Amino acid sequence: MKKILVTGSTGNLGRAVVTALNTKGFGVRAAARTPDKLPAAAGVEPVRFAYEDQASHAAALQGVDGLFLIAPPLDAEAPAKLAPIIDLAKAQGVRHIVFASALGVDAVEQAPLRIVERRLMASGVPYTILRPNFFMENFSTGFLAPMLKQGGIFLAGADGKTSFISVLDIAEVAAVAFQRELTGKAYNLTGPEALDHAKVAGILSKVSGKKIAYQAISEADMLQGMRDAGLPEGAVHYVGVLYSAVRAGYMAAITRDVETVIGRTPIAFEAFARQNAPVWA
Ligand SMILES: NC(=O)c1ccc[n+]([C@@H]2O[C@H](COP(=O)([O-])OP(=O)(O)OC[C@H]3O[C@@H](n4cnc5c(N)ncnc54)[C@H](OP(=O)(O)O)[C@@H]3O)[C@@H](O)[C@H]2O)c1
């Protein structure tokens, strides 16, 4: 049985990847800063791991066949943090790295996640790059969930459309990439339709029975709100770049890569919303 180390395993994407790999019969080592946070599951071995603590990396990578690698979210220092992990994975005989990048970064060579992609491609370790669009789960359990608890979506997205994708689909693609050894490839992963935030708010209102409004705010107001919420300045800047891409329409692209890899169409936003309706009620 192949064993895969999953970084970010307490997060939205990592949790889904742990489940998808486990379901396909892989052994899973789940990396977490506080492994006690991980629910006990058969076939899942928790291990302590922090990007900044190089002493934690070797033990986590010991004896694994594959690595599912995420970058710490909204972190411009990601290249410096991930490069030594890629090198160590190679030195310890890891045979496949699946890296969670982000849609569109291949158009911006100086983007932190693009620098990591380049580093991985040059590493000599067989790789698969996944470039997902914004996650649907940002609205349920991710960074936008607290905002929705306050009754609305307040973002500088204007009327830009986004082809949101569920982490369940990204995780399925990752698990198939390990299973079928889809190496030397990059997949641009989107949902089946592009929605603006007014449409998202309408769907969330409909499924939850609670009025959820979208208020398009200015970039300056959005960034100040993030600062007030305690986000570090680097992350605030990062969010600004992401939503300027939304406003410019760059996040509206729809690809067929999910279907190509997993053989079915990706989950629609409304299906995701119905599944999670109690979160917003
Ligand atoms: N969210 C999106 O819409 C989106 C879209 C495209 C790409 N991505 C990328 O996908 C990846 C996963 O995103 P997500 O939304 O699943 O993130 P998330 O829910 O915020 O989870 C982040 C994970 O990273 C871990 N982590 C953070 N800092 C760490 C550190 N210093 N050392 C070790 N672990 C650390 C967290 O562990 P703790 O429990 O210890 O905090 C958590 O497990 C990110 O790299 C993000 O850039 C996200």
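The values are calculated or read from the model by the stated rules, or taken from the named source; none is laboratory data. Bear in mind that the values here come from a model prediction, so they are computed numbers and not experimental data. With ideal geometry, Cβ positions are generated from the backbone for all residues, glycine too; neighbour counts draw on all protein chains shown.
What number of residues within region 80-96 satisfy the criterion of being away from the ligand (no atom under 14 Å from the Cβ) and in contact with a helix residue (DSSP H, G or I) (Cβ under 8 Å, 6 or more places away or on another chain)?
Here is the first cut: in region 80-96, the residues away from the ligand (no atom under 14 Å from the Cβ) are 83, 86-96.
Filter once more, keeping what is in contact with a helix residue (DSSP H, G or I) (Cβ under 8 Å, 6 or more places away or on another chain): 83, 86, 88-89, 92, 94, 96.
The number of residues fulfilling the criteria is 7.
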Working only within region 25-42, note down all residues that are out of contact with any Asp or Glu (no Cβ under 9 Å at 6 or more places or on another chain) and either at negative phi or at pLDDT below 90 (or both).
ALA31, ALA32, THR34, PRO35, ASP36, LYS37, LEU38, PRO39, ALA40, ALA41, ALA42
Residue among SER56, SER101 that alone is among the small types (Gly, Ala, Ser), within 10 Å of the ligand (Cβ to nearest atom) and free of Cβ contacts under 8 Å to residues at least 12 places away in the same chain:
SER56
Pair list, Cβ under 7 Å, 6 or more apart: region 196-210 residue at positive phi, other residue part of a helix (DSSP H, G or I):
none
Among the numbered criteria (1) within 22 Å of HIS237 (Cα to Cα); (2) touching a helix residue (DSSP H, G or I) at 6+ places or on another chain (Cβ under 9 Å); (3) hydroxyl-bearing (Ser, Thr, Tyr), which one does THR190 miss?
(1)
If a residue has to be crowded, with 21+ Cβ neighbours inside 10 Å and within 20 Å of THR19 (Cα to Cα) to count, how many in region 177-190 make the cut?
3
Right, ALA201: within 12 Å of ILE153 (Cβ to Cβ), over 23 Å from the mean Cα position of the chain (by Cα) and buried (at least 16 other Cβ atoms within 10 Å of the Cβ) or not?
no
Suppose we filter GLY124, GLY151, GLY93 for residues that are without any contact (Cβ under 8 Å) to a residue 24 or more places away in the chain, surrounded by fewer than 17 Cβ atoms within 10 Å (Cβ to Cβ) and over 21 Å from GLY14 (Cβ atoms); which single one remains?
GLY93
Which of the residues spanning region 79-131 are of a type in the set (A, V, I, L, M, F, W, C), over 28 Å from HIS237 (Cα atoms) and assigned to a helix (DSSP H, G or I)?
LEU88, ALA89, ALA91
Check whether at least one residue in region 165-187 is within 15 Å of the ligand (Cβ to nearest atom), assigned to a loop (DSSP other than H, G, I, E, B) and either among the aliphatic types (A, V, I, L, M) or touching a residue at least 60 places away in the same chain (Cβ under 8 Å) (or both), and report yes or no.
yes
Within region 1-48, restricting to residues that are farther than 22 Å from ILE86 by Cα and basic (Lys, Arg), the one that is nearest to the ligand (Cβ to nearest atom) is LYS37
